[in-house]
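The structure appears right after this line, and notes come after that.
The values are calculated or read from the model by the stated rules, or taken from the named source; none is laboratory data. Predicted model, so just to flag it, every value in this text is computed and none were measured. FYI the Cβ positions are ideal-geometry reconstructions off the backbone, even for glycines, and counts take in every protein chain you see.
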Amino acid sequence: MAQPNVTIIKPKKIFRLADFKEIWDYRELLYFFSWRDLKVRYRQTMIGVIWAVVQPFVTMVIFSVFFGSLVKVPSDNVPYPIFVYTGLLFWQLFSDALGDVSNSLVTNQAIITKVYFPRLIICISSVVTKFVDFAIAAVILGGLMIYYGITPSAMSFVVIPIVFVITFMCASGLGLILAAINVKYRDVRYILPFFMQLLIFVTPVIYPASIAGKYSKILAINPMMAVVQNARAVLLGTTPINWALIFISLASSTLLLIVGVYMFKKVERYFADIV
Amino acid sequence: MPTNTPIIEVKNISKRYTITHERGGYVALRDVIATTLRKPFAFAKTKARRMVGLEKKEEFWALKNVSFEINKGEIVGVIGANGAGKSTLLKILSQITPPTEGEIILRGKVGSLLEVGTGFHPELTGRENIFLNGAIMGMTGKEIARKFDQIVEFAGIGKFIDTPVKRYSSGMYVRLAFSVAAHMEPEILLVDEVLAVGDAEFQKKCLGKMEEVTRDQKRTIMFISHNLDAIKRLCPRTILFSKGKIDKIGPTDEIINHYLHTADTPSVVVPRATSKDFHITRLQSVHGNNRPWTFPYGEPIEVEVELEVLVDQPSFQIGFFIDSINSERVGSVHDDVRQLEKGTHIIKVQIQNILLPNSYELGVSVQQQYYMPGCAVFHVVDPHNQHNPVGTGLVEIASRFSHERVS
């Protein structure tokens, strides 16, 4: 007879190493959750795809008209539309993922109070879904590159995966912290969109980091600056790759993720009791 | 594994809930900030008092020192009044909430069925929902694919399999949901009151399916229900809970008898019937000066149901069933309420009481979708023997004898 599957239930500790193995055991459910979200989103195929593309595209057009043509914000010697679109693409990945992760426990509470599975799966699947939206919106970026005749550097293959990792850790980390707070204080989700609006201005999305001059060091606290700036560096050749910034942001977003997972696990234990 | 090792071992499990007075158990951050700013001293004072233990949060033990063992292949019923801790136990066993104290050892893969159709998404088709729901219930993709045809056949939804479930009738929806659940194959299955959905016919089919599977595959099942008939049919052994503790464990017949004769149904019962159109929010006896759910012999049985109607109902059918403690149907009444508009409604029923003093079960059915037998146990009493009820059995049969001398 095969080794029986023994489960021991005890008053929970926050961290057990077994938790991480468990997430791996439940990877199929992770796949199904992401599949569900994508399926529902792209149910009416055209509308889903169009929405993923239209949102950043329209924003890009409006920003190009106001900031690019009227205000004449500098754009590191590349055309402003492609400059701002690259920034928006990564920014939207970050902000959508953050928003979804922070609401994930509350939106899925019907499932959470009825079935057991590692709750982190829901959050991870929210982020995974956003990468698919990113991929679809990236098609426009490809089009813009051809239109403006810009060739990305070979370093893209190294830097883009790294900035993805930073975005993933940063959005999940911050999202998990907010998800934990959101469980107790349900009004957090109304405050979040407001902060996201502010945050886009402290991240060099619509302007180059260079215009902040000596204050650009302060902007570097924000890990998304490393993402946006270096993505532009390799894709558009705006500035040299800033490795120091990449490593600092890798470290800070790792820290953010650890804090997020810790806070989340702490709330996870009694979540089903308070909803 | 030696055969004498129990498959479920529960040792001294306790669960404490802290009662929060805030509505809904959660608070708004802006309120917390506002109160703190407005009354900084009051805030600091309560914090400080709590820290040194002068002021305690209100606590409530949903379970206290519960221990029992279940062997492989056993089907055990769990009964008890509402709030006795049955559901809390199941939530702990299925790891939805951790215990405050104690330990449980489960020697097998656990599947829990606290609800049918968990995670069903209205936009997805029947086919897609089978896979999603199956995965949430812990089945692997391969397993679902293998059983797919059986699931569809059991649910009897045939050609609607590729229609989004939002277009299903509630009956079809429930059948599909239950069908997925009925095809789970864990070694330990925890079932909570899920049979409260679907029509009587389908409930029977489901019970049959569960019986069949346990007999053939030696599954271990813990079955929580108010449906004493189902418990009798499925479970040789039963655990009776009362106020967070185990009252009695033993052969089902014995336990059910003990339960019915001592049961105090809380005055307000919340039957578990919710659909997208309405919620039943409470079921209550109108008992005057008597104890809840106790009706003097000969005086009418009065019951009221509170409903929250979410979508206007042109016609709303509600029925009440009275069963004996041996689960024989004594009688039923029903009515169609016309034009039930969105909002909260109370429906009252007065039933002529021809029942002889004994204990009975009251069931509710709604819109032919929900059939919930045994929502409450009620007693017909004749405290002072003043009425001298006539006859034996369950009901008083009116009769008139006459006598004449013929020769």
Worksheet, complete the sentence: Every listed condition ((1) modelled with pLDDT of 85 or more; (2) surrounded by 12 or more Cβ atoms within 10 Å (Cβ to Cβ); (3) of a type in the set (V, I, T)) holds for A:V58 save (2)
Worksheet, complete the sentence: Taking segment A:33-89 and keeping only residues that are more than 23 Å from A:A209 (Cβ to Cβ) and among the charged types (D, E, K, R), one is left with A:R36, A:D37, A:K39, A:R41, A:R43
Worksheet item: Residue check, B:T392 against (1) under 23 Å from the mean Cα position of the chain (by Cα); (2) hydroxyl-bearing (S, T, Y); (3) over 18 Å from B:F278 (Cα atoms), all met but one. Which one?
Response: (1)
Response to the item:
If we keep only residues of segment B:113-145 that are at the interface with another protein chain (Cβ under 7 Å from one of its Cβ atoms) and hydroxyl-bearing (S, T, Y), then the residue nearest to A:P11 (Cα to Cα) is B:T118
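To keep it simple, each residue is scored yes or no on (1) free of Cβ contacts under 8 Å to residues at least 60 places away in the same chain; (2) aromatic (F, W, Y); (3) within 25 Å of B:E201 (Cβ to Cβ).
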site: B:E308; (1), (2), (3): yes, no, no
site: B:D312; (1), (2), (3): yes, no, no
site: B:D336; (1), (2), (3): yes, no, yes
site: B:I346; (1), (2), (3): yes, no, no
site: B:V395; (1), (2), (3): no, no, no
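Would you say B:F178 is in a helix (DSSP H, G or I), in the same structural domain as B:A230 (by TED's automatic domain parsing) and under 23 Å from B:S225 (Cα atoms)?
Working: in a helix (DSSP H, G or I): yes; in the same structural domain as B:A230 (by TED's automatic domain parsing): yes; under 23 Å from B:S225 (Cα atoms): yes.
Against the criterion (in a helix (DSSP H, G or I), in the same structural domain as B:A230 (by TED's automatic domain parsing) and under 23 Å from B:S225 (Cα atoms)), B:F178 qualifies.
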Item to complete: Scan A:D96, A:D100 and give me the residue that is in contact (Cβ under 8 Å) with a residue 60 or more places away in the chain and among the charged types (D, E, K, R).
Response: A:D100
Item to complete: Just need a number here: residues in segment B:195-215 that are within 18 Å of the chain's Cα centre (by Cα), more than 15 Å from B:L113 (Cβ to Cβ) and modelled with pLDDT of 65 or more.
Response: 2
Worksheet entry | Filtered residue count, segment B:202-223, keeping only those that are among the charged types (D, E, K, R) and buried (at least 19 other Cβ atoms within 10 Å of the Cβ) | 1
Worksheet item: Does segment B:316-333 contain any residue that is more than 19 Å from the chain's Cα centre (by Cα), assigned to a loop (DSSP other than H, G, I, E, B) and farther than 20 Å from B:N227 by Cβ?
Response: no
